[in-house]
Every structure is written in C-alpha cells, then in structure tokens.
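Asker: I have a structure I would like to understand better, so I am pasting it below and will then ask my questions one at a time.
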DNA sequence: TTTATATACATTGTACCACACAGTATATAT
DNA sequence: ATATATACTGTGTGGTACAATGTATATAAA
C-alpha cells in the first residue's frame with residue numbers, strides 16, 4: 001500500500017466516512033478510531049480524528065454529549081449527527097457517487 | 001456541489017485520474033484540463049494540473065517530449081507513462097478499489 | 001483601422017488547510 | 001513498568017486554489 005498517497009486520499013474521504021458512521025449511530029472518538037482500524041485505507045490516528053470531530057461540531061454538523069461509564073472508566077464524549085449534518089451528508093453521498101462514476105468512466109477511456 | 005469538499009477530495013484522486021488518462025494515450029496538459037472539464041468532480045485549473053504533471057515527471061512516473069504543431073499553433077508538451085509509472089498506477093488502482101469497497105461497507109454499517 | 005476579447009498553450013508565486021507525527025494527560029488493570 | 005481506554009494539542013508537510021504572466025492567433029467590436 002502506498003502510504004503517501006493514502007494519506008492524501010483521506011482528505012475529504014475521512015470526513016465523509018466519519019459522518020456516515022455517526023449517522024448510523026452515535027459514537028465517541030475512540031470508537032471511531034477502533035472502527036476505522038480494520039480498514040487499511042482509512043486507519044487513522046487520534047491526532048487526526050479528534051480535531052476532525054471538533055471541526056464537524058463547530059460547523060454544526062455534529063453535536064456532542066458526555067456519558068459517564070461508571071467507576072474507573074473515563075467518560076465518553078459522544079457525537080450525534082444534526083439536521084444540518086444530515087443534509088450535508090446527503091450532499092457528500094451524491095458527490096461521492098458522482099466521483100466514483102466519473103473515475104470509472106475516465107479509467108476505461 | 002460542495003466546492004470546499006470537492007477541492008479536498010481531489011487530493012490523490014487527481015493524480016490517480018491523470019495517470020490513468022495518460023496511460024490510455026499520451027497527452028499534453030491543456031488536453032488533460034479540457035478532458036477533465038466535463039467531469040464536475042474533477043474539473044481543475046491550469047495552476048493545479050501543470051505542477052502535478054511536473055511532479056509526476058520528476059518522480060519518474062511520466063516522461064515528456066515536445067511536439068511541433070505547425071504555423072501559429074504553440075508546441076505541445078506531451079506526457080507519456082513510464083514503466084515505473086505503470087507499476088505505480090497498478091498500485092493506485094488496487095488502493096482505489098479497496099477504498100471504494102471499504103467506504104461502501106462502512107456506509108451500509 | 002484600430003482595439004478589445006477569446007482561444008490555445010504553458011508557467012509560477014503565494015496562501016490555505018486537512019492530515020501526520022509526536023507528545024501531554026488521567027485513570028485502571030496486569 | 002506496561003497496556004488499555006479516553007481525549008487533547010502544537011508543529012510540519014504538501015497538494016490544490018487563486019491570481020497573475022507570457023506568447024501567438026483569430027475574431028468581434030469600436
């Protein structure tokens with residue numbers, strides 16, 4: 001796998017993927033990281049995920065709440081998609097579909 | 001279409017697409033720009049394409065030659081894929097396939 | 001006729017910003 | 001000591017965007 005290229009391709013795709021994950025169910029940062037860990041092309045570190053989540057929060061696409069996990073387990077900051085986030089994600093879905101089609105067409109010449 | 005996101009998603013995809021185009025046949029920069037013009041997600045300006053082509057040249061994935069076009073038409077700088085470029089592109093193809101599958105899986109949850 | 005504008009082609013300097021690297025921080029369990 | 005679970009941050013990198021420069025020709029407007 002081409003690490004250099006993979007790190008470039010994540011721009012945009014990561015945001016898209018994380019929004020999709022959180023649309024399916026509320027998630028906290030660490031959970032997102034663990035989930036992506038099994039996907040070689042999307043495996044990503046804390047230093048990328050946390051700022052990304054905060055950016056989506058700031059843009060109003062996500063909202064967050066803390067959930068206490070009981071003795072000895074650090075509280076989790078859950079993220080939930082907003083209405084704005086849903087319409088944004090719908091747009092990303094369309095754009096992604098278009099992109100995949102465009103590329104398929106260009107590749108076959 | 002989300003211009004901001006589109007400009008991010010082009011990182012990596014553009015390189016991939018341009019290598020594909022040039023693998024199919026030799027091309028000059030302006031030709032690449034015109035070709036991408038009909039694909040909303042990949043439409044891109046000179047200031048992006050020319051440096052990209054030069055980078056691929058420098059990395060040894062492409063080689064270039066000038067072709068004279070006769071009276072009044074500026075000479076064209078054609079790019080051609082190298083052996084190294086072909087093996088690089090094969091890798092990009094695999095990575096792209098993986099990415100598309102990964103994302104499809106993550107989206108459906 | 002002179003001037004303005006559009007097309008074809010290539011280049012470059014500067015700025016932006018998402019992701020990467022590496023580190024900080026707390027608490028528990030082994 | 002080390003690993004796991006959870007969250008945060010400062011600094012660097014590098015591909016793309018914006019805007020402009022340059023040559024040459026053809027065409028439309030003044």
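Asker: I'm a student and want to see the number: the projected area of the Cα convex hull of the protein assembly as shown, averaged over all directions, in nm².
Answerer: It is 13.6 nm².
Asker: While we're on this one: P(r) tail for chain B, what percent of Cα pairs lie past 21 Å?
Answerer: Pairs farther apart than 21 Å: 42 percent.
Asker: Provide a whole-number value for the mean count of partner chain Cβ atoms within 10 Å of the Cβ atoms in peptide A:35-46.
Answerer: Taking the mean over all residues of the peptide, I get 3.
Asker: Sticking with this structure for a sec: Can you show me the helix-derived [θ] at 222 nm for the protein assembly as shown, built from DSSP H runs with n ≥ 4 at -39,500 (n - 2.57) apiece and divided by the number of residues, rounded to the nearest 500.
Answerer: Estimated from H runs of four or more residues: -21500 deg cm²/dmol.
Asker: Could you state the angle between the C-alpha long axis of helix B:83-108 and the longest principal axis of the C-alpha atoms of chain B, as a value from 0 to 90 degrees rounded to the nearest 10?
Answerer: 30 degrees
Asker: Could you list B:63, B:105 in order of exposure, starting from the residue whose Cβ has the fewest other Cβ atoms within 10 Å?
Answerer: B:105, B:63
Asker: What does the structure give for B:89-101 when I average, per residue, the other chain Cβ atoms found within 10 Å of the residue Cβ?
Answerer: Going residue by residue through B:89-101 and averaging, the value is 4.
Asker: Given contacts defined as C-alpha pairs under 8 Å and at least six residues apart, what's the relative contact order of chain A, whole-number percent?
Answerer: In percent, rounded to a whole number, it is 25.
Asker: Taking the Cα atoms only, what angle lies between the long axis of helix B:3-24 and the longest principal axis of chain B, rounded to 10 degrees?
Answerer: Compared with the principal axis, the helix lies near 60 degrees.
Asker: When chain A is modelled as a GNM with alpha-carbon springs shorter than 10 Å, which of A:57, A:36, A:99 fluctuates the most?
Answerer: In this elastic network of chain A, the residue with the biggest mean-square fluctuation among A:57, A:36, A:99 is A:99.
We did not get these values from a lab; they are worked out from the coordinates using the rules stated. Given the structure is predicted, the values throughout are model-derived calculations rather than measurements. Positions of Cβ are backbone-derived with ideal geometry, glycine not excepted, and every protein chain shown enters the neighbour counts.
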